[in-house]
Amino acid sequence: MIGMASRLTLQVRAFPRTWLPAPGNLHRRIDRRDGPIAGKHQGAIRQCCIAASLTFAGRPSNGAGLRRFDPRGLFVLPIAAPEPGIVLTEPESQRDLDTLGARVLAAQARHAPTPHQVASGALASGTRYALEIAVATMVGGAIGWQLDRWLGSRPWLAIVFLLLGLAAGFMNLLRAVNREAAALARDDTANAGKEGDT
Amino acid sequence: VASPLEQFEIHRTLPLSVAGYDASFTNASLFMAVALLAIWLFMWLGTRNAAIVPGRWQAAVEGLHEFVVGMIDENIGPNGRKYAPFIFSLFLFVLVANLIGLIPYSFTVTSHVAVTFAFAALIFIMCLVIGFARHGLHFFTLFVPPQTPVILLPLIILIELISYLSRPLTLSVRLFANMTAGHILLKVFAGFIISLGLAGGVLPLLGILPLGMNVALYALELLVAVVQAYVFALLTCVYLNDSINLPH
């Protein structure tokens, strides 16, 4: 319990006191991605909201349950409707936000996968598709064998379905490669966009 | 020295026959019950004093839940939240069964293809039921990829069908093969330690080598136990996604 208490105070200290009573303000800042804070500090603000929901939403949760899925792949926080006209002007608050943003970025960098982790992940998915090729071939062969028994066309359907099963396994593999390539391309464009911002 | 396969043998502890079928309480049933008890204890400790600032157990339960729900959000989307309890239970059971199997003298439930295939068959049937309930006969478009030339259509549909039918088999074989292979390997190296220890001369000193190997293998098996539980739950999400969202 002592550890938990100290973590909580850390989170409260991490963002300025003036913010806390108006979570709607935070929400507005997230929504307006074109504002001066948006691009650079978005991660920081989202972190802030999660911490704020821990202490102020009055729910027995670490904030996980408050996050909602968003088609853009972001987690959006369902905090009350934005109050118009409140803008963050105090330089002290801005400074606090800057340090928090830097800390969040540093933490994210620490958690980025190492080359070794990426390679292990590739190996794991590789063995997965290898198994799928083997099993699809066997399932195809089994279907063909059973059809042969029913139709009395031994061994032709077994051979045909064995090959179809093999094709199914390789099609899965090809599809996975295409999906991976598309994801990489998406990441590349996202990174290019990010570099364009700064 | 016992055979490395002896650890997978099933013994009846409470013989029972229902309508001519063997429904005995076996060591496999016992360790499934132990896994359930461990999960129940973990969840009870984590939820009994729910607080805004979570305690250690609550943080563990919430972390695990957040992990599974994150996986569902990522792979299925907002419509998948309904199935979070099922996937969470599945993940937790497979994980705990895998981990309990690593304790000496215990039994690994997931090293039996009967158990893993029962899960996979349940998931497969569930995917079919959900798919037809949500999309009706439109669900069959799952077997027709977009922009397929009409000439290739019969061939492609057959291939897609085989690929879909092989899903429960890959799902079950992956978990079962990983657990069985790892446990056999552990037993084989343990057998080397004993044989070398009983041999005369300097051979007992060489027993250090398989011992070191076994320690390393144990670490690897711990990783495999967690990763395979994760992969099992992840693939369940991927398969459910096809039924819920009908990608094309």
Helix B:167-198 versus the longest principal axis of chain B: what is the Cα-based angle in degrees, 0 to 90, to the nearest 10? 10
Shielding by partners - mean other protein chain Cβ count within 10 Å, residues of B:49-55: 5
Would you mind working out the magnitude of the charge dipole of the stretch B:73-222 relative to its Cα centre, with +1 at each Lys and Arg C-beta and -1 at each Asp and Glu C-beta, to the nearest 20 Debye? 200
Computed FRET value (nearest 0.05) for A:Gln108 with B:Ile208, which takes r as the C-beta separation and R₀ as 45 Å: 0.55
Log10 I(q)/I(0) at q = 0.13, 0.16 Å⁻¹ for the stretch B:1-148, from Debye over equal alpha-carbon scatterers, is -0.84, -1.06
Using label points projected 7 Å from each Cα along Cα→Cβ, tell me how many nm separate B:His135 and B:Ile157, to one decimal. 1.5
Relative packing of B:48-61, B:157-170, which averages over residues the other C-beta atoms within 10 Å, highest first: B:157-170, B:48-61
Sequence-distant or interchain residues sharing an amide H contact under 5 Å with B:Phe25, placed H: which? B:Thr13, B:Leu14, B:Leu16
Averaged across A:129-136, how many Cβ atoms of other chains sit within 10 Å of each residue's Cβ atom? 5
Dimensionless Rg ratio for chain B, taking C-alpha atoms and the 2.2 N^0.38 Å reference: 1.25
Here the gain from full extension of B:Leu246 to B:Glu9, 0.36 nm per residue of separation minus their alpha-carbon distance, amounts to 81.1 nm
Beyond 20 Å, what share of the Cα-Cα pairs of the stretch A:89-198 is found? Please give it as a whole percent. 66
So, how do all the Cα-to-Cα distances of the stretch B:16-65 break down into 5 Å bins, in percent, from 0 on up? 5, 19, 17, 13, 11, 9, 8, 8, 6, 3, 1
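Only the coordinates and a few stated rules stand behind these numbers; no lab work does. These numbers come from a predicted model, not from an experiment. Don't worry about glycine lacking a Cβ; one is built from the backbone with ideal geometry, like all the others, and counts go over all protein chains shown.
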